[in-house]
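The values are calculated or read from the model by the stated rules, or taken from the named source; none is laboratory data. These figures come from a predicted structure and were not determined experimentally. FYI the Cβ positions are ideal-geometry reconstructions off the backbone, even for glycines, and counts take in every protein chain you see. When the accessible area is computed, the model is the full protein with side chains, heavy atoms only, and any ligands, DNA or RNA have been set aside. Shrake-Rupley method; radii C 1.70, N 1.55, O 1.52, S 1.80 Å.
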Amino acid sequence: MNSSEMEPRINHLQIESQVHELLDYPVCTNQITSTIYQCSNDYTGEVNNDKEKPYNCPYSGSKCTATGDIRWLLQHLRNDHHVEMHDGRSFSHRYVHHNPKHLHHATWMLTLLDCYGRQFCLYFEAFHLKKTPMYIAYMQFMGDEKEATSFSYTLEISGHGRKMTWQGVPRSIRDSHKTVRDSQDGLIITRKLAMFFSADNTNSKELKLKISGRIWREH
Amino acid sequence: MDLDSMDCTSTIDVSDDEEIHQDCHSYASVSKHHSNNNTNPNAASGLLPTTTSVHELLECPVCTNSMYPPIHQCQSGHTLCSTCKNRVHNRCPTCRQELGDIRCLALEKVAESLELPCKYMSLGCPEIFPYYSKLNHETVCDFRPYSCPYAGSDCSVMGDIPFLVAHLRDDHKVFYCYGEYFCLHFEAFQLGMAPVYMAFLRFMGDETEARNYNYSLEVGGYGRKLIWEGTPRSVRDSHRKVRDSHDGLIIQRNMALFFSGGDRKELKLRVTGRIWKEQQHSGEAGGGGACIPNLS
């Protein structure tokens, strides 16, 4: 599904997703009355003054300056950024690009995951590590650092007799996604290896990377 | 490791103390000296004092290799081999005078009458050769030590068989498993300009045999873990080829230091591995090993 809200230069990057497991816990949909907050991008939101300070919108830190509580951010991500949300503790996404050599630096995709009554951001990014093209996938938790450490997640890429697995702790969205990317706290793969995993019986030089994973609660 | 169980598991610890070099492991070559009862080195080697000093004269003052024609000299008579002459930009390295094109014919002629023992004399070679044919003999001398059979030109360690077996076990981390030998490579290199570490397994045999096995390598710490699973590469593929195909566990230096704990200044990585026999299964797209795309 194409997302028109993406940066123009990654219009051709697509995600195909499948959900493997049903939701374990229902999502909390209670209405909370609170003050209205309006950000410079004209997005309005609600901030609950009783709880913690507002979070920055996890959709590309610098471009969108919206802030709000988690509930508001979820609506904002869905309505204004058209980010997909998937239910379930397990997931499998395929990242496709017909011309991966033309994927620009710091191109990225965001998907939301909903499980355990919480939400997680799954990022997939193309970037350059000192001139070497790489991809990184990682998870962030929509909540504070303390609660983030109660979860763990894995990401896995496999094919042609090889498999790479990353197990990590989701970082809170208090850290910008750029911070997480630059700390390399996720599944990192060189473009060369990504192309190896993408290879099929055709001779195409397309990127077709299937990343599966799951989230679980440690304590 | 001499386990002959269902799978072989092993843990190796890697630290900054290990000699991790870019491109290859290189160690000073080692030769075993047989005990020599005679204290006079010249007499023991069967050389007359004059032979030794002439031989020393034939040693290039810059690179210390033996000099062969054309042997050059400067106006003051300082000698130089032809390789070094090309590198010194027309200045004598001994006295800094300008070099011309003076050939030291006299030294070349003296060398003709010099006879020297084979350099592997201490390993048992009894032969003596004229200066100009000694080199040729040494390349085929029966007493010359063996090169490390592992990774061919990538490792320059030499020695006799018991020494090499110990070297293979300790430095190349060779495992014996399922009746076959596997070697674990660990090296630091630059991916573009970023420092990374890579670990991968090679199989001492050819590619078709290697596909019967799978291996995994794991590093981790602090709630994070990176696992690589793959098919061991045959030693027919040079270690450089495997390295450049990224067919193994690759960690950025920062992450490796993170896993090492402490103040992140010192590398102290624990790599855990497993080798197991691949079950033949059919029908997986890509063949599950039967069809492997070019990993160049």
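Return the distance in nm (one decimal) between the two label points of a simple spin-label model at B:ASP263 and B:ARG91, each offset 7 Å from Cα along Cα→Cβ.
Those two pseudo-labels are separated by 4.3 nm.
Between B:LYS109 and B:SER238, how high is the FRET efficiency from 1/(1 + (r/R0)^6) when r is the Cβ-Cβ distance and R₀ = 35 Å? Nearest 0.05.
0.20
Can you give the translational diffusion coefficient of the range B:134-280 in µm²/s, computed by Stokes-Einstein from the Kirkwood radius over Cα pairs at 20 °C and 1.002 mPa s?
127 µm²/s
Give the interface area between chains B and A as buried accessible surface, both sides summed, probe 1.4 Å, in Å² to the nearest 100.
Looking at B and A, the buried total is near 2500 Å².
Give me the net charge of B:SER82's neighbourhood, meaning all other residues with Cβ under 14 Å from the Cβ of B:SER82; Lys, Arg count +1, Asp, Glu -1.
+1
Can you give me the distance in nm between label points at A:ASN99 and A:SER150, each placed 7 Å from the Cα along the Cα-to-Cβ direction?
For the pair A:ASN99/A:SER150, the computed spacing is 4.8 nm.
In debye, nearest 20, what is the charge dipole magnitude of the range B:81-234 about its Cα centre with +1 on Lys and Arg Cβ and -1 on Asp and Glu Cβ, if you could check?
Result for the range B:81-234 is approximately 620 debye, rounded to the nearest 20.
Where in the range B:206-239 does accessible area fall by at least 40 Å² between the isolated chain and the complete protein assembly, at a 1.4 Å probe radius?
B:GLY223, B:ARG224, B:LYS225, B:LEU226, B:ILE227, B:TRP228, B:GLU229
Note down the nm distance, to one decimal, between modelled labels 7 Å out along Cα→Cβ at B:SER66 and at B:THR272.
Calculated label separation equals 5.5 nm.
For each pair in B:LYS85/B:LYS134; B:LYS85/B:LYS109; A:LYS205/B:LYS277, compute the distance between the two Cα atoms and list the pairs where it is over 26 Å.
A:LYS205/B:LYS277
List, in order, the whole-Hz ³J(HN,Hα) value for each residue of the range A:165-177 obtained from phi through the Karplus relation with A = 6.51, B = -1.76, C = 1.60 and θ = phi - 60°; use x for Gly and Pro.
10, 10, 10, x, 10, x, 7, 5, 6, 4, 7, 5, 5
Around B:PHE175, which amide H atoms from residues at least 5 apart in sequence, or from another chain, sit under 5 Å from its own amide H, with H modelled in the peptide plane?
Those qualifying (amide H under 5 Å, at least 5 residues apart or on another chain) are B:PHE182, B:CYS183, B:LEU184.
Can you work out the Karplus-derived ³J(HN,Hα) for every residue in the range A:206-213? Use 6.51 cos²θ - 1.76 cosθ + 1.60 with θ = phi - 60°, whole Hz, and x for glycine or proline.
Rounded to whole hertz, the list is 7, 8, 9, 9, 9, 10, 10, x.
Relative contact order for the range B:204-248: what percent, with Cα pairs under 8 Å and sequence separation of 6 or more?
Worked out over the range B:204-248, it gives 40 percent.
Under 5 Å between amide H atoms, partner at least 5 residues away or on a different chain: which partners does A:VAL83 have, H built in plane at 1.01 Å?
Correct list: A:ARG78.
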